[in-house]
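Structure record follows, encoded as structure tokens.
The values are calculated or read from the model by the stated rules, or taken from the named source; none is laboratory data. Quantities reported herein were computed from a predicted structural model and do not represent experimental measurements. Cβ placement follows ideal geometry from the backbone for every residue including glycine, while neighbour counts extend to all protein chains displayed. Protein only, heavy atoms only, side chains kept; ligands, DNA and RNA dropped before computing areas. Shrake-Rupley method; radii C 1.70, N 1.55, O 1.52, S 1.80 Å.
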Amino acid sequence: TQLLEQSPQFLSIQEGENLTVYCNSSSVFSSLQWYRQEPGEGPVLLVTVVTGGEVKKLKRLTFQFGDARKDSSLHITAAQPGDTGLYLCAGVTNNQGGKLIFGQGTELSVKP
Amino acid sequence: KAGVTQTPRYLIKTRGQQVTLSCSPISGHRSVSWYQQTPGQGLQFLFEYFSETQRNKGNFPGRFSGRQFSNSRSEMNVSTLELGDSALYLCASSPDPSGLSEQFFGPGTRLTVL
């Protein structure tokens with residue numbers, strides 16, 4: 001069982017559409033991070049959220065941390081082919097000894 | 001500032017062999033974490049080293065080991081390789097222990113076990 005469940009696992013959309021990726025857990029996280037990984041490269045950090053209810057925006061990407069700090073979402077507005085990649089959420093929870101725990105990832109494909 | 005470098009980038013081994021992977025963190029970073037990434041399991045935490053001491057360990061068998069040198073460079077070793085060890089092995093560095101600050105990932109070493 002994954003500590004962090006991401007959904008959907010795969011997403012294929014047309015350029016210009018909106019999408020939301022979810023990251024859920026039954027555990028409370030002291031912080032949660034979102035990464036993007038392209039083929040042949042390591043993940044690159046997009047954002048870190050630490051406060052329950054926090055919303056952060058990065059151009060067309062909006063990240064939200066749940067009030068109870070157990071879940072998070074990533075919303076992309078007007079997706080572009082350059083958004084294609086693997087999106088990973090990762091969190092730090094006290095009952096895992098401070099380790100960074102990753103979700104399985106969402107493979108996003110944006111077609112022109 | 002140079003990023004995290006990992007060597008080699010690609011490696012092919014046969015079952016039963018052993019392998020050593022190397023990671024050079026960003027200059028000034030003292031924490032190095034290792035992850036195994038496979039399509040089925042995603043990113044799984046292997047271990048973290050901070051100032052030459054293993055700070056955290058994931059749920060992997062003892063065949064997986066690592067170490068960190070005084071210059072913060074790190075190596076991981078897998079002995080008696082199994083087919084299931086085929087994966088992308090990622091190294092990440094950060095200035096502080098991984099839970100406290102951003103981690104910067106290297107490009108990974110793609111290990112194939114035949």
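Values computed for the structure shown
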item	result
Inter-chain Cβ neighbour average for residues B:52-63, partner chain, 10 Å	1
Distance histogram for the protein assembly as shown (every C-alpha pair counted, 10 angstrom bins, percent rounded to whole numbers)	8, 33, 35, 19, 4
log10 of Debye I(q)/I(0), alpha-carbon scatterers only, for the stretch A:9-58 at 0.23 Å⁻¹	-1.18
J(HN,Hα) series, the stretch A:63-75, from Karplus relation 6.51 cos²θ - 1.76 cosθ + 1.60, nearest Hz, glycine and proline x	10, 10, 9, x, 4, 8, 6, 10, 8, 8, 9, 10, 10
Mean Cβ neighbour count within 10 Å, used as a protection proxy, ranking B:27-37, B:80-90 highest first	B:27-37, B:80-90
Neighbour count of at most 13 Cβ within 10 Å plus DSSP loop: longest trypsin sites (Lys or Arg not before Pro)-free window in chain A	A:1-58
Shielding score for A:41-47, defined as the mean number of other chain Cβ atoms within 10 Å	5
Of B:Lys13/B:Lys57; A:Lys59/A:Lys111; A:Lys99/B:Lys13; A:Lys70/B:Lys57; A:Lys111/B:Lys13, those spanning more than 28 Å from alpha-carbon to alpha-carbon	A:Lys99/B:Lys13; A:Lys111/B:Lys13
Protein accessible area in the protein assembly as shown, 1.4 Å probe - carbon and sulfur %	49
Kirkwood Rh in Å, taken over chain B so that all alpha-carbon pairs contribute	13.9
Evaluated over chain A, the Cα radius of gyration and Dmax, each in Å	13.4, 43
Accessible area buried, both sides summed, chains A and B with 1.4 Å probe, Å²	1400
Relative contact order, percent, chain B [alpha-carbon distance under 8 Å, six or more residues apart]	37
FRET E, pair B:Ser101, A:His75, Förster distance 25 Å, beta-carbon r, rounded to 0.05	0.45
Spin-label pair B:Thr38/A:Asp67, simplified geometry with 7 Å Cα→Cβ offset, distance in nm	4.0
Most to least accessible of B:Ile12, A:Ile101 (protein chains only, probe 1.4 Å)	B:Ile12, A:Ile101
Solvent exposure of the stretch A:6-85 as accessible area per residue, Å², 1.4 Å probe	50
Viscosity 0.890 mPa s, temperature 25 °C, Stokes-Einstein D of the stretch B:1-46 from Kirkwood C-alpha radius, µm²/s	191
Alpha-carbon centroid distance for the pair the stretch A:44-112 / the stretch B:81-113, whole angstrom	19
Probe 1.4 Å, protein heavy atoms only - accessible area per residue of chain B in square angstrom	46
